[in-house]
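Let me give you the structure first, and then I'll get to my questions.
The values are calculated or read from the model by the stated rules, or taken from the named source; none is laboratory data. As the structure is a prediction and not an experimental result, all values here were calculated from the model. With ideal geometry, Cβ positions are generated from the backbone for all residues, glycine too; neighbour counts draw on all protein chains shown. Areas reflect the complete protein model, heavy atoms only, side chains present, ligands, DNA and RNA absent. Shrake-Rupley method; radii C 1.70, N 1.55, O 1.52, S 1.80 Å.
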Amino acid sequence: LAMTTDGTLYVADLELRMLLRIPSGSQEVEKVAALNPRGVWADSQDRIWVISQNAQQLQRVNTDGSVEVVVGERTFEFPHQVVVTDDGTAFVSDGYKKAVWKIVAGQKPELLVEGSPLDNPVGITLYDNQLVIADPRARTIFRLDPSNGQLEAWFKIEPK
């Protein structure tokens, strides 16, 4: 799920392999694009970033509905989610690679952090200019400073 500043909700529908939209104040579901989405993020310009299961793994849907390919070849092993900072830098959680990727416009994706203690990073979001990463196999919520790649355990999740 991703929400734009006007309250429009975007949904990655894994079964229909579609990006769907529910405009603010509406109950109508609209098909936006057949992008085979896995994760979505609304950036500060209300563009929707989509992690796709297709070969074009990272795409952006602009406010006019046009689709731009950001990462057009298979780079990530099993991407789960994308987040984007205000300056347009994207970060992708990659479960199989046990990694977080950094994508800067005009450059190839680079590994920001890889391997232990990450085991299967899935969820990713932004909080206080840091990345927050949920890793259910490591039973940990991590914080990652995107400026230097410093990773630390924030919360350990202990089963009851």
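If I filter the stretch 71-81 for residues that are of a type in the set (Phe, Trp, Tyr), part of a loop (DSSP other than H, G, I, E, B) and free of Cβ contacts under 8 Å to residues at least 60 places away in the same chain, do I get at least one hit?
Yes - at least one qualifying residue is present in the stretch 71-81.
Right, something else. Every residue in the stretch 101-134 that is closer than 14 Å to LEU58 by Cα and surrounded by 15 or more Cβ atoms within 10 Å (Cβ to Cβ), please.
TRP101, LYS102, ILE103, PRO109
Sort out which residues of the stretch 79-99 are under 12 Å from LEU118 (Cβ atoms) and either more than 8 Å from the chain's Cα centre (by Cα) or aromatic (Phe, Trp, Tyr) (or both), and write them in order of number.
If the condition is that a residue be under 12 Å from LEU118 (Cβ atoms) and either more than 8 Å from the chain's Cα centre (by Cα) or aromatic (Phe, Trp, Tyr) (or both), then ASP94, GLY95, TYR96, LYS97, LYS98, ALA99 are the ones that fit.
Of the residues that sit in the stretch 2-46 and are part of a loop (DSSP other than H, G, I, E, B) and surrounded by 18 or more Cβ atoms within 10 Å (Cβ to Cβ), which one is nearest to the chain's Cα centre (by Cα)?
The qualifying residue nearest to the chain's Cα centre (by Cα) is ASP43.
Would you point out which residue out of SER52, SER66 is out of contact with any His (no Cβ under 7 Å at 6 or more places or on another chain), within 25 Å of GLY149 (Cα to Cα) and not aromatic (Phe, Trp, Tyr)?
SER52
Tell me, yes or no, whether the stretch 60-67 has at least one residue that is within 16 Å of PRO121 (Cβ to Cβ), modelled with pLDDT of 95 or more and not small (Gly, Ala, Ser).
Checked the stretch 60-67: no residue is within 16 Å of PRO121 (Cβ to Cβ), modelled with pLDDT of 95 or more and not small (Gly, Ala, Ser).
Same structure, new question: For the stretch 96-107, how many residues are farther than 19 Å from PHE155 by Cα and at pLDDT 95 or above?
Qualifying residue count for the region: 6.
List the number of the failed condition for PHE78; all other conditions in (1) open to solvent by 80 Å² or more (accessible area, probe 1.4 Å); (2) under 20 Å from LEU58 (Cα atoms) hold.
The failed condition is (1).
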